[in-house]
Amino acid sequence: MSKGLKLSDILVTVLIAVVFAIIYNIWNFVYNALQVTGLHLEELSYGMWFMAAVVAYLIIPKPGIAVLAEFAAGAGETIVMGRFDIPTMIYGLLQGLACEIIFAIFRYQSRSAMVAMLAGLLAAVVTLPLDFAYGYLAEIAGWNLALYIGFRLISGIVVAGLASYYIVKALDKTGVTKLFRQSSRSDYDNL
């Protein structure tokens, strides 16, 4: 498989991003509903906002796919929201870059659950300094901050990593993702 992006790779990635932009906006209701507990349980669902990068990469394992997917999903989220929101796009860009770092470490060769979980974890880590810079963490007590960070990291691993992995595994079983994989000898024999 060629390392460069083809037009079809870009179009499918943008399509994945659009789907996730819509999901992200719907997910706000889940996130906000969990906030009422006051124990940062909403952070256990935060990994949803990293899924576009992981899912897109697991479908099209090429350099640049994760950052394109997450940035496009963030930009699309602002369009679906009906307001232009620079912080959302900054989060999307940095989350995509964080995932891209993990995929690059594994030379874009691994589509394992471990790699997906590491990408979700690093995407979660990269959001924390942004939360601090935007003032979301300014008045949180130490024990509550520990919950916030711990739950965010768990969500990155489980929701963004494992859930994305199993979603793509399910898509693999349908044969839909075969278009983006290297063809094997048996594929040619079946023609």
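The values are calculated or read from the model by the stated rules, or taken from the named source; none is laboratory data. This is a predicted model, so every value here is computed, not measured. Every residue, glycine as well, gets a Cβ built from its backbone with ideal geometry; the counts of neighbours run over all protein chains shown. To get the accessible areas, we keep the full protein, side chains included, count just its heavy atoms, and leave off ligands, DNA and RNA. Shrake-Rupley method; radii C 1.70, N 1.55, O 1.52, S 1.80 Å.
Numbers at a glance
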{"quantity": "When residues of segment 19-43 are limited to those that are of a type in the set (Gly, Ala, Ser) and part of a helix (DSSP H, G or I), the one nearest to the chain's Cα centre (by Cα)", "calculated": "ALA21"}
{"quantity": "Boolean, TYR46 is under 17 Å from the mean Cα position of the chain (by Cα) and buried (at least 24 other Cβ atoms within 10 Å of the Cβ)", "calculated": "yes"}
{"quantity": "Filtered residue count, segment 111-136, keeping only those that are open to solvent by 20 Å² or more (accessible area, probe 1.4 Å), over 17 Å from ILE167 (Cβ atoms) and not hydrophobic (A, V, I, L, M, F, W, C)", "calculated": "4"}
{"quantity": "Test for ILE140: is it modelled with pLDDT under 95, among the β-branched types (Val, Ile, Thr) and surrounded by 15 or more Cβ atoms within 10 Å (Cβ to Cβ)", "calculated": "yes"}
{"quantity": "Condition met for VAL67 (within 10 Å of the chain's Cα centre (by Cα), among the hydrophobic types (A, V, I, L, M, F, W, C) and open to solvent by less than 20 Å² (accessible area, probe 1.4 Å))", "calculated": "no"}
{"quantity": "Single residue of ALA75, ALA119, ALA146 found to be in a helix (DSSP H, G or I) and either touching a strand residue (DSSP E or B) at 6+ places or on another chain (Cβ under 6 Å) or under 25 Å from ALA170 (Cα atoms) (or both)", "calculated": "ALA119"}
